[in-house]
1. Given the residues A:55, A:95, A:25, which is the only one that is modelled with pLDDT of 85 or more and assigned by TED's automatic domain parsing to the domain that holds residue A:248?
2. Scan region B:81-96 and report the pairs whose first residue is within 14 Å of chain A (Cβ to nearest Cβ) and whose second residue is surrounded by fewer than 19 Cβ atoms within 10 Å (Cβ to Cβ) and among the acidic types (Asp, Glu), with Cβ atoms within less than 6 Å and a gap of 6+ or a chain change.
3. Among the candidates B:209, B:254, B:218, B:205, single out the residue that is within 24 Å of the chain's Cα centre (by Cα), farther than 16 Å from residue B:149 by Cβ and among the polar types (S, T, N, Q).
4. Name, by its number, the condition in (1) under 24 Å from residue B:339 (Cα atoms); (2) of a type in the set (A, V, I, L, M); (3) not assigned by TED's automatic domain parsing to the domain that holds residue B:351 that does not hold for residue B:119.
5. I'd like the full set of residues that are aromatic (Phe, Trp, Tyr) and in a loop (DSSP other than H, G, I, E, B), limited to region A:239-262.
6. Can you tell me which residue in region B:49-82 is nearest to residue B:316 (Cα to Cα), limited to those that are hydroxyl-bearing (Ser, Thr, Tyr) and crowded, with 16+ Cβ neighbours inside 10 Å?
7. Take the conditions away from chain B (no Cβ under 14 Å), touching a helix residue (DSSP H, G or I) at 6+ places or on another chain (Cβ under 9 Å) and either touching a residue at least 60 places away in the same chain (Cβ under 8 Å) or under 29 Å from residue B:254 (Cα atoms) (or both) and apply them to residue A:246. Does it pass?
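The values are calculated or read from the model by the stated rules, or taken from the named source; none is laboratory data. Because the structure is a prediction, the values reported are computed rather than measured. Counting neighbours? That spans all protein chains shown, and the Cβs are built from the backbone with ideal geometry, glycine included.
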Amino acid sequence: MSAVLTPRTDSPEAPAAPVDTTSAWSRWANEHRKWLFAAPAMAFVAVLIIFPVAWTGYLSLTDAEGSVRAESEFIGFQNYLDVLTDTDRFWPAVWRTVLFTGVVLFFEVVLGMAIALLLWRPFRGEKWVRVAILLPLVATPVAVGMMWRLIFDPNIGMANQLLGWIGIGPQPWLAGQHSALPTTMFIDIWQWTPMVVLILLAGLTSLSDEPQEAARIDGASSWQRFRHVTLPLLMPTVIVAILLRGIDALKTFDILYATKGRGGGSFHEVETLNVYAYGLSFDYNDYGVSSTVLIIFFLIIIGVMWALTYRKKGLGR
Amino acid sequence: MRRRSIIGTSLAVVAAMSLTACGGDGGGEGSKTVRVTLVNHVWTENIKKVLPEFEKQSGLKVEVTQLGEDQLSDQYNVKLNAGSDDLDVMMYRPLQEGKLFGKNKYLADLSEKVKSDSAFEFGDFQAGPVQATTYEDKVVGLPIITEQEVLYYRKDLLTKSGFTAPPKTLDELKAQAAKIEADNPGVAGFVARTGKAAAVTQFSSFLFSFGGDFVDASGKATVNTEQAKQAYAYYGGLLKDHGPENISTDMSWSEAMAIFTQGKAAFYTEANSLYKNATDPTKSKVVDSVGFAAFPAGPAGSKPYNIPSWALGVNDSSENKDNAWKFIQWAAGKEQALAQQTAGVPGARASVWANPAGTASYPKDLAEANTVSTANGVGHDRPLVVKVAQAREIVGQPIVDTITGKDAASSADTANAAFQKFLDDEAK
């Protein structure tokens with residue numbers, strides 16, 4: 001094996017016999033070193049990412065249903081036409097996905113920023129507070145979903161009991177047709193704000209003190225210092241937080257599925273694109289249509305990613 | 001030139017990876033290990049306890065994978081779609097997945113095997129369940145659990161409100177539920193499944209008892225007949241008017257059962273096979289006061305469903321079919337069927353019902369209710385189609401609509417149109 005790693009500039013006095021048998025291979029390996037070392041990773045990407053996406057793309061052009069091993073017909077873009085004109089399930093799901101992502105992102109970034117600023121300066125008991133804030137982050141989303149489902153149970157849940165003590169009547173929470181989506185948003189915000197805190201805190205810690213001091217000497221108020229000094233300097237980090245969290249929020253599945261089950265509830269109250277696509281393949285066995293929805297979803301995510309990175313570059317200039 | 005070598009290398013690595021993957025042990029032709037996938041159920045708990053017995057007598061090793069109902073479905077979907085051979089014996093729902101699996105040829109043909117063994121006594125299985133596990137004249141599964149819908153009720157609450165007997169008709173049920181709810185603040189008169197798809201099976205007995213069905217003899221959708229509209233209005237209305245406060249429209253049996261066993265409801269219609277949840281002191285607060293009665297009669301009489309809820313089949317891609325059959329031979333055999341029945345799981349063999357020992361352990365009123373249901377029962381509890389999950393969502397819509405206060409009749413009309421379109425698509 002060491003022969004493979006022998007540099008090409010090796011002295012010609014090297015033992016003759018072993019070189020003879022390995023030289024062709026070793027020369028070849030040397031010439032293609034970067035490809036050789038990258039090969040496992042490339043194979044991994046090919047097998048686990050490119051192939052599935054390509055296969056999904058192919059399925060989306062067929063009428064595959066029941067079993068993917070069954071015969072299916074190539075039907076061109078018929079599925080895309082059907083899905084994009086479906087105002088019953090598809091477009092409401094798109095709207096819910098956008099609404100869910102927009103709302104949770106807004107609150108997570110605003111709350112995350114506020115908490116990060118609070119934690120920025122050292123204080124007594126800081127360590128404990130940080131641990132407490134990070135706790136939701138380390139819990140499994142499905143477990144979190146189950147926990148909140150119990151808390152928000154309209155009949156035997158704790159939330160309504162607490163409300164009862166302060167004289168407010170029981171609320172339907174997850175059970176309500178209109179309150180279910182906001183309730184799942186709340187759960188998502190509860191769970192993922194700590195991640196935003198973590199990212200922003202890292203960004204804040206790396207900022208140098210000088211601009212702050214300069215602003216202070218110039219008589220800027222603390223709000224002015226935040227608005228005109230801290231925030232612009234922190235912007236690249238904020239964009240990263242939005243990017244990471246935004247893509248994740250678009251793809252949220254576990255919390256929604258754990259709290260409302262298949263189809264996002266009986267009225268599809270929390271059915272986002274991801275939940276919809278899952279139902280299409282696992283409940284309806286409509287693999288063609290499901291693949292179509294997933295490909296469209298994939299394109300949406302790529303679009304959002306592109307828009308955000310483009311904005312980030314614009315800010316960098 | 002350079003590009004070609006990249007592809008060559010990647011292919012070599014992929015090939016190496018897949019070859020290593022094949023090297024795993026277990027399974028394979030004639031392997032001594034039988035891989036059995038079972039659902040979370042009292043039946044499964046019982047069978048696990050006696051597995052060592054089977055392993056000793058057969059010399060085989062049984063590997064059990066146990067999953068919840070939904071996870072089980074998903075697992076089958078993924079593995080059977082991939083043509084995986086690492087499932088040998090599969091516990092499945094004949095009415096939910098039977099047609100789909102049959103159509104996709106996922107289940108091995110067991111016709112020869114069941115007939116070749118006289119001690120297995122295939123003729124002992126009830127005709128209805130056998131029909132559900134037969135696809136295109138081939139036996140593809142053996143029914144192990146049957147289910148009938150019964151009325152669960154609270155004896156103490158009935159007595160307190162002055163009723164001496166559980167309701168015999170649906171009208172009486174409504175009246176008693178209303179009175180008990182008025183007499184006991186915080187207790188609902190009635191609870192049942194409310195989830196759009198989950199409720200369909202338990203709603204079916206109401207539908208049949210009002211004289212309706214999902215589909216008529218000619219295969220047309222019939223969920224907007226006068227009878228069906230009345231059934232939707234009754235079931236949804238009862239839950240809306242006398243159900244728990246802030247009622248969720250996502251409840252399956254576990255949520256509805258929890259409300260009943262926490263003492264928060266007087267009446268509950270559910271499958272009898274789940275009765276242990278209400279009589280087991282570790283799960284229920286109403287052990288001493290729970291009673292069982294036959295499904296109340298509607299305008300068309302008392303017509304609960306009587307269905308084979310679970311069966312055992314063999315994966316057609318399995319390379320260990322003979323040993324898989326040995327497991328089924330034992331687990332669905334006469335001896336185990338009687339043991340299960342005695343332990344509270346209603347079986348599909350006629351002999352266990354005829355045997356007094358088979359019903360001795362049941363609460364007396366439940367055994368009586370079971371007898372009535374088995375006699376009058378209807379053999380299905382959901383539309384018998386290939387894409388059952390989708391059909392359930394369609395015919396379940398009027399249930400949730402009615403619970404949330406919408407008009408049952410107009411919702412049933414909409415659902416019927418959608419259901420007819422679904423049936424037409426499936427017939428294509």
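1. Numbers: A:55 fails: assigned by TED's automatic domain parsing to the domain that holds residue A:248; A:25 fails: assigned by TED's automatic domain parsing to the domain that holds residue A:248.
Exactly one of A:55, A:95, A:25 is modelled with pLDDT of 85 or more and assigned by TED's automatic domain parsing to the domain that holds residue A:248, namely A:95.
2. Hits for this filter: B:85/B:319.
3. Numbers: B:209 fails: farther than 16 Å from residue B:149 by Cβ; B:218 fails: within 24 Å of the chain's Cα centre (by Cα); B:205 fails: farther than 16 Å from residue B:149 by Cβ.
The match here is B:254.
4. For residue B:119, the exception is condition (3).
5. A:253
6. Narrowing region B:49-82 to residues hydroxyl-bearing (Ser, Thr, Tyr): B:58, B:65, B:73, B:76.
From the residues that got through so far, the ones that are crowded, with 16+ Cβ neighbours inside 10 Å too are B:58, B:73, B:76.
Values: B:58: 22, B:73: 17, B:76: 12 Å.
If we take residues in region B:49-82 being hydroxyl-bearing (Ser, Thr, Tyr) and crowded, with 16+ Cβ neighbours inside 10 Å, then B:76 is nearest to residue B:316 (Cα to Cα).
7. Working: away from chain B (no Cβ under 14 Å): yes; touching a helix residue (DSSP H, G or I) at 6+ places or on another chain (Cβ under 9 Å): yes; either touching a residue at least 60 places away in the same chain (Cβ under 8 Å) or under 29 Å from residue B:254 (Cα atoms) (or both): yes.
Yes: the conditions hold for residue A:246.
One line per residue, one yes/no per condition, for (1) without any contact (Cβ under 8 Å) to a residue 24 or more places away in the chain; (2) within 11 Å of chain B (Cβ to nearest Cβ); (3) touching a His at 6+ places or on another chain (Cβ under 6 Å); (4) not aromatic (Phe, Trp, Tyr):
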site: A:41; (1), (2), (3), (4): yes, yes, no, yes
site: A:57; (1), (2), (3), (4): no, no, no, yes
site: A:60; (1), (2), (3), (4): no, no, no, yes
site: A:68; (1), (2), (3), (4): no, yes, no, yes
site: A:76; (1), (2), (3), (4): yes, no, no, yes
site: A:84; (1), (2), (3), (4): no, no, no, yes
site: A:88; (1), (2), (3), (4): yes, yes, no, yes
site: A:93; (1), (2), (3), (4): no, no, no, yes
